[in-house]
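Heads up: the structure comes next, in structure tokens.
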Amino acid sequence: MRNIIIAGNWKMNKDMISTDEFCNTLAEYFSNYEDDMVGVIVAPPYPFLQSASDVLTYTPVEVAAQDVSVHKDGAFTGEVSASMLSSLGVVVCIVGHSERRQYHAETDDIVRAKMLELWAQNITPILCIGETLAQRDANETNAVIVAQLEGCLKGITDISDLIIAYEPIWAIGTGRTATPDQAQTVHAMIRSWIFDHYDKDAAENIHLLYGGSAKPENIGSLLMQKDIDGGLIGGASLNVEQFIAMINTANEILNTRRDK
Ligand code: PEP
């Protein structure tokens with residue numbers, strides 16, 4: 001049975017002090033929790049990765065980066081390589097976020113190259129894919145998702161160390177969440193694409209997260225869907241109480257699944 005993953009993408013938010021406060025509260029929460037838990041990931045901005053890791057050391061929380069360079073090292077001012085992330089103990093990294101694709105012209109080829117760099121350092125990529133509103137309205141959602149999967153995973157034969165986040169662009173930061181049905185339909189399609197292009201194990205084991213205005217009020221109905229294995233959460237992950245509320249909901253759902 002797949003675990004549920006709650007991942008927070010802070011984007012370009014918080015500072016050293018608020019990072020510390022958030023992580024201390026989260027660490028405190030985990031010190032009181034003994035049951036088997038959902039997987040929890042937080043992705044702070046680069047400058048706070050080290051301090052977040054330090055505070056969260058004795059918790060099950062994994063600290064993720066929000067991006068990585070395609071380059072290994074050299075004259076690439078402002079870039080951060082996968083080996084640098086690895087040296088900080090980072091084990092997960094978001095790639096292909098729609099904001100990177102939109103504002104930094106990241107193509108599927110670039111995203112793929114970034115994933116290869118991450119895998120070379122044993123860092124798990126969270127690959128983001130999703131359609132625009134115009135594409136959804138034109139009934140192009142499936143075609144867009146398949147093209148992104150084909151482009152990002154071209155020539156990649158092993159996806160055992162990969163998380164995919166379906167993030168409809170029209171739902172990111174807009175307050176407009178995909179309905180559980182809309183999200184489930186796309187997740188099921190992604191899983192079936194993986195079954196067809198890899199195998200049954202790959203399809204059954206891969207975690208497919210939903211992202212796009214997920215929050216405490218709607219995370220439960222999303223996680224009740226068969227093919228939604230967690231959330232990649234932006235805005236609502238910045239508030240530690242809301243983040244913990246979503247972890248609690250995910251735990252309840254995980255426990256109901258286990259009881260079945
Ligand atoms: C995101 O950027 O990954 C995201 C899902 O943002 P939000 O939850 O704010 O829509």
Per the filter on the range 171-192, residues open to solvent by 20 Å² or more (accessible area, probe 1.4 Å), on the phi < 0 side of the Ramachandran plot and not aliphatic (A, V, I, L, M) are THR174, ARG176, THR177, THR179, PRO180, ASP181, GLN182, GLN184, THR185, ARG191, SER192
Can you name the number of the only condition in (1) free of Cβ contacts under 8 Å to residues at least 60 places away in the same chain; (2) assigned to a strand (DSSP E or B) that ILE126 fails? (1)
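Let's see how each residue does on (1) of a type in the set (A, V, I, L, M); (2) open to solvent by 10 Å² or more (accessible area, probe 1.4 Å):
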position: ILE17; (1), (2): yes, yes
position: ASP20; (1), (2): no, yes
position: PRO44; (1), (2): no, no
position: PHE48; (1), (2): no, yes
position: SER51; (1), (2): no, yes
position: LEU56; (1), (2): yes, no
Given (1) surrounded by fewer than 21 Cβ atoms within 10 Å (Cβ to Cβ); (2) away from the ligand (no atom under 16 Å from the Cβ); (3) under 24 Å from LEU223 (Cα atoms), LYS11 misses just (2)
Members of the range 244-257 found to be closer than 18 Å to SER213 by Cβ and either polar (S, T, N, Q) or surrounded by fewer than 18 Cβ atoms within 10 Å (Cβ to Cβ) (or both), listed by number: ALA245, THR249
Does GLU241 qualify as being of a type outside the set (A, V, I, L, M, F, W, C), loosely packed, with under 15 Cβ neighbours inside 10 Å, modelled with pLDDT under 95 and in a helix (DSSP H, G or I)? no
Restricted to the range 70-89 and to residues being within 27 Å of GLU150 (Cα to Cα) and part of a loop (DSSP other than H, G, I, E, B), the residue most open to solvent (accessible area, probe 1.4 Å) is LYS72
Among the residues of the range 205-225, the number that are open to solvent by 10 Å² or more (accessible area, probe 1.4 Å) and either within 12 Å of ILE253 (Cβ to Cβ) or not in a loop (DSSP other than H, G, I, E, B) (or both) is 9
Filter the range 153-169 for residues that are within 16 Å of the ligand (Cβ to nearest atom) and open to solvent by less than 50 Å² (accessible area, probe 1.4 Å); which is farthest from the chain's Cα centre (by Cα)? PRO168
List the pairs whose first member sits in the range 170-181 and is near the ligand (Cβ under 10 Å from one of its atoms), whose second member is modelled with pLDDT under 90, and whose Cβ atoms are under 6 Å apart, counting only residues at least 6 apart or on separate chains? ALA171/THR177; ALA171/ALA178
From ALA147, ALA120, ALA134, ALA143, which residue is open to solvent by 60 Å² or more (accessible area, probe 1.4 Å) and closer than 20 Å to ALA165 by Cβ? ALA143
In the range 55-112, anything free of Cβ contacts under 8 Å to residues at least 12 places away in the same chain, more than 16 Å from the ligand (Cβ to nearest atom) and charged (D, E, K, R) is listed as ASP73, GLU79
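Just need a number here: residues in the range 100-113 that are in a helix (DSSP H, G or I), open to solvent by less than 50 Å² (accessible area, probe 1.4 Å) and out of contact with any Cys (no Cβ under 7 Å at 6 or more places or on another chain). Explain how you work it out, then say what you get.
Within the range 100-113, the first condition is being in a helix (DSSP H, G or I), and the residues that meet it are 100-103, 108-113.
Filter once more, keeping what is open to solvent by less than 50 Å² (accessible area, probe 1.4 Å): 101, 108, 111, 113.
Remaining after also requiring out of contact with any Cys (no Cβ under 7 Å at 6 or more places or on another chain): 101, 113.
Adding up the residues that qualify gives 2.
The values are calculated or read from the model by the stated rules, or taken from the named source; none is laboratory data. Bear in mind the structure is a predicted one, so any value in this text is a computation, not a measurement. Heads up, the Cβs are rebuilt from the backbone with ideal geometry, glycines too, and the neighbour counts pull from every protein chain shown. Each accessible area value is taken on the protein alone, full model and side chains, heavy atoms only, with ligands, DNA and RNA left out. Shrake-Rupley method; radii C 1.70, N 1.55, O 1.52, S 1.80 Å.
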